[in-house]
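Colleague: What follows is a structure written as structure tokens; I'll ask about it next.
What follows is calculated from the coordinates using simple rules that are stated; it is not laboratory data. No experiment lies behind these values; they were computed from the predicted model shown. Here the Cβ positions follow ideal geometry from the backbone for every residue, glycine too, while neighbour counts run over all protein chains shown.
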Amino acid sequence: MIECVGLREHVKPGDGIELDLASGEVRLPSGEMVRFTALPPNVLEILEAGGLVPKLRKELAQKSS
């Protein structure tokens with residue numbers, strides 16, 4: 001879960017935003033940036049792998065080869 005205090009005051013339904021989970025930034029349609037606590041590297045790795053199960057499968061496959 002990502003908590004970004006005050007974000008709702010800056011966007012309206014249908015607005016597009018850009019999230020940078022590693023740096024903890026939200027780019028608003030106006031170009032403004034709102035900050036939140038960045039995700040830790042281990043969580044980013046899980047997301048990049050497509051979830052915990054795919055990440056563990058990949059790690060186990062690498063260890064067994």
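Colleague: Gaussian network model of the chain, Cα springs within a sub-10 Å range: biggest mean-square fluctuation belongs to which of Gly51, Gly31, Gly14?
Modeller: Gly14
Colleague: Positive end of the charge dipole of the chain (Lys, Arg +1 and Asp, Glu -1 on Cβ, about the Cα centre): tell me which of Ser23, Asn42, Leu56 has its Cα farthest that way.
Modeller: In the chain, that residue is Leu56.
Colleague: Add -39500 (n - 2.57) for each DSSP H run of 4 or more in the chain, then divide by its residues: what number comes out at 222 nm, to the nearest 500 deg cm²/dmol?
Modeller: Counting only the DSSP helices, I get -10000 deg cm²/dmol.
Colleague: Rounded to the nearest 10 degrees, what's the angle between the helix 52-64 long axis and the longest principal axis of the chain, both from Cα atoms, 0 to 90?
Modeller: In the chain, helix 52-64 runs at an angle near 30 degrees to the longest axis.
Colleague: Next question. Which of Lys58, Lys63 has the fewest other C-beta atoms within 10 Å, and how do the rest follow up to the most?
Modeller: Starting with the residue having the fewest Cβ neighbours, the order is Lys63, Lys58.
Colleague: Treat each spin label as a single point 7 Å out from the Cα along the C-beta direction, and report the Leu28 to Lys55 distance in nm.
Modeller: So the label points at Leu28 and Lys55 sit 3.1 nm apart.
Colleague: Starting from the Cα of Leu44, move 7 Å in the Cα-to-Cβ direction to define the label point; list residues of the range 8-37 whose amide nitrogen is under 11 Å from there.
Modeller: 20-25
Colleague: Now for a different question. Debye calculation, C-alpha points only, no solvent: report log10 I(q)/I(0) for the chain at q = 0.15, 0.22, 0.27 Å⁻¹, in the same order as the q values.
Modeller: -0.59, -0.89, -1.11
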